[in-house]
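In what follows, a structure is listed as structure tokens, so that the remarks can point back to it.
The values are calculated or read from the model by the stated rules, or taken from the named source; none is laboratory data. Because the structure is a prediction, the values reported are computed rather than measured. Because the Cβ atoms are built from the backbone with ideal geometry, glycine has one as well, and the counts that use them run over all protein chains shown.
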Ligand SMILES: [Zn+2]
Ligand SMILES: [Zn+2]
Ligand SMILES: [Zn+2]
């Protein structure tokens, strides 16, 4: 009997572009599915003013890019200096400098964005765009200028309209300023955190591969993906493998959370994952191959492989629950899990006394305080007693950083204080204060929002009482010492949320602000959005089962285990991979090959 086989051919789509408009204060972007669509909608714009679009794989932040003639970039941190432009007048006395757009094969690429998505934090300094460099674009030809102006200076354009502000990212996006996603090295290639919105991407191939493997009947879960080139094959195999394991781990976490008869601490969750790995070592090897490599004992300075695995799993759990909800695929953002904090209940004497003082229902106070703690946790102001990874800088050569298990390369430890600290002012600020004498502290603003319409508002007094409850009564906030990468003290009067006081529970649904779209795992007092400058209201939403990330969490699934299968892979390795793929019990169920090298059946 012949088994039916289905062949899919996936072809790239055309490149999506944006056109820019608006005024000198704010740039608006308009998205078009192709240059042709853009030109139809904007007959005046030249091709060079329709910018190709990029998006962050993790958070969806958009960027656009263009190449400029003679442009040189000098980049330090987030600051971008533009060099070698065409000067017009004295730059210090109202002059300007400009760079003209060029074709695809010359010039220097520059990635920009008109607006950063807010990370969903009430912090006053979270507007990361303030740290970025601004430049100004011509809406008609796309020319770049260092200063604002009423007219394009580029040769052959001179369009009379206000130049539009844009934020400069650099020649490429090595880390997403919105969600901090970093580039990764996979299969010998560097994968930037952004992708162009064009061809069907590897992630789509992964989704398709995953779906096809799941849909196949037991015993036939094998798939061959053909890639255009050898590099492409290596890249796809690596990406599919890496992404597959993150989804698989998340699926396992959710299974553990759903089976538990009581809320789980991060340590409970880690132990249970570890238990299932110890029962199925093959799965452990598939998901955390780094921990089982020959040199792993030396690299990770730990001889016992299960201790290594436990530590890696602990980090994966913390990572899942310290990501901002802009990362759309984490369990809280999907509406599948929620976190609770020891003692924050309507029955607690401190919480109910506070609610009475503020004039809130105790249940509202519970949601409000928990939302605050959610924010601090996701801002990684988290103290992990056994291994305080968020209370220090990490050396660049840390094996857990290098292997990508602990993505804290750009991490800055931060703690909370009630009132601003005077002594630290001169040095880099490693604390975030909740109140200030002007009354504009984040917590004061929020408390006034929650009690809108009430008469006797004393936000300072309420904040002080709440701080007392969190630090003294319930001890949810812990006095910590922040360290530099060599263990020297950076700050010692700051506080972080103790991770041992947090429990994970199952949930179905999430809350979304109708105005700014911010997602949270719980309602807020008066259903008002917690975002500092947003006056939107928050509504409940069921988990979206149309979303691939949600739907895959709700089904049993077979992980895609991809291996590269091309002429570049040594013959002996290839033979082993082939044998494993053909064996009914083999781990490999997906081969990524080039069309020239067939697989005998
Ligand atoms: Zn122009
Ligand atoms: Zn991002
Ligand atoms: Zn909002």
Kindly establish whether residue 284 is outside the structural domain of residue 377 (by TED's automatic domain parsing), crowded, with 16+ Cβ neighbours inside 10 Å and out of contact with any strand residue (DSSP E or B) (no Cβ under 6 Å at 6 or more places or on another chain). yes
Name the single residue, out of those in segment 127-154 being more than 9 Å from ligand 1 (Cβ to nearest atom), in contact with a strand residue (DSSP E or B) (Cβ under 8 Å, 6 or more places away or on another chain) and in a loop (DSSP other than H, G, I, E, B), that is nearest to residue 75 (Cα to Cα). 132
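Scan the helices (runs of 4 or more DSSP H) fully inside segment 319-408 and keep the ones with 1 or more residues being within 16 Å of ligand 3 (Cβ to nearest atom) and more than 21 Å from the chain's Cα centre (by Cα).
Counting at least 1 such residues, we get 362-378.
Please verify whether segment 544-557 includes one or more residues that are modelled with pLDDT under 85 and buried (at least 20 other Cβ atoms within 10 Å of the Cβ).
Restricting attention to segment 544-557, the residues satisfying the condition of being modelled with pLDDT under 85 are 544-557.
Pick out the ones that are also buried (at least 20 other Cβ atoms within 10 Å of the Cβ) and you get 553.
Yes, there is a match, as at least one residue in segment 544-557 is modelled with pLDDT under 85 and buried (at least 20 other Cβ atoms within 10 Å of the Cβ).
Based on this model, can you work out whether residue 81 counts as assigned to a strand (DSSP E or B) and modelled with pLDDT under 90?
Working: assigned to a strand (DSSP E or B): yes; modelled with pLDDT under 90: no.
Considered against the rule, which asks whether it is assigned to a strand (DSSP E or B) and modelled with pLDDT under 90, residue 81 comes out as no.
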Hits in segment 25-63 - residues which are assigned to a loop (DSSP other than H, G, I, E, B), surrounded by fewer than 18 Cβ atoms within 10 Å (Cβ to Cβ) and either more than 16 Å from ligand 1 (Cβ to nearest atom) or in contact (Cβ under 8 Å) with a residue 60 or more places away in the chain (or both): 25, 26, 33, 34, 44, 46, 60
Does segment 156-177 contain any residue that is at pLDDT below 95, in contact with a helix residue (DSSP H, G or I) (Cβ under 7 Å, 6 or more places away or on another chain), in a loop (DSSP other than H, G, I, E, B) and within 16 Å of ligand 2 (Cβ to nearest atom)? yes
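Within segment 502-516, take every residue that is closer than 23 Å to residue 340 by Cα and out of contact with any helix residue (DSSP H, G or I) (no Cβ under 9 Å at 6 or more places or on another chain) and give me the one that is farthest from ligand 2 (Cβ to nearest atom). Quick ask: steps written out before the conclusion?
Going through segment 502-516, the residues closer than 23 Å to residue 340 by Cα turn out to be 502-513.
Right, trim to out of contact with any helix residue (DSSP H, G or I) (no Cβ under 9 Å at 6 or more places or on another chain) and you get 508-509, 512-513.
Working: 508: 27, 509: 25, 512: 19, 513: 19 Å.
Of everything passing the filter in segment 502-516, 508 is farthest from ligand 2 (Cβ to nearest atom).
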Among the residues that make up segment 305-317, is at least one of them at pLDDT below 90 and either touching a helix residue (DSSP H, G or I) at 6+ places or on another chain (Cβ under 9 Å) or part of a helix (DSSP H, G or I) (or both)? no
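Please specify each residue of segment 28-39 satisfying the condition of being touching a strand residue (DSSP E or B) at 6+ places or on another chain (Cβ under 9 Å) and closer than 22 Å to residue 102 by Cα. Show your work before the answer.
First pass over segment 28-39, keeping only residues touching a strand residue (DSSP E or B) at 6+ places or on another chain (Cβ under 9 Å): 28-35, 37-39.
Within segment 28-39, 29, 30, 31, 32, 33, 34, 35, 37, 38, 39 qualify.
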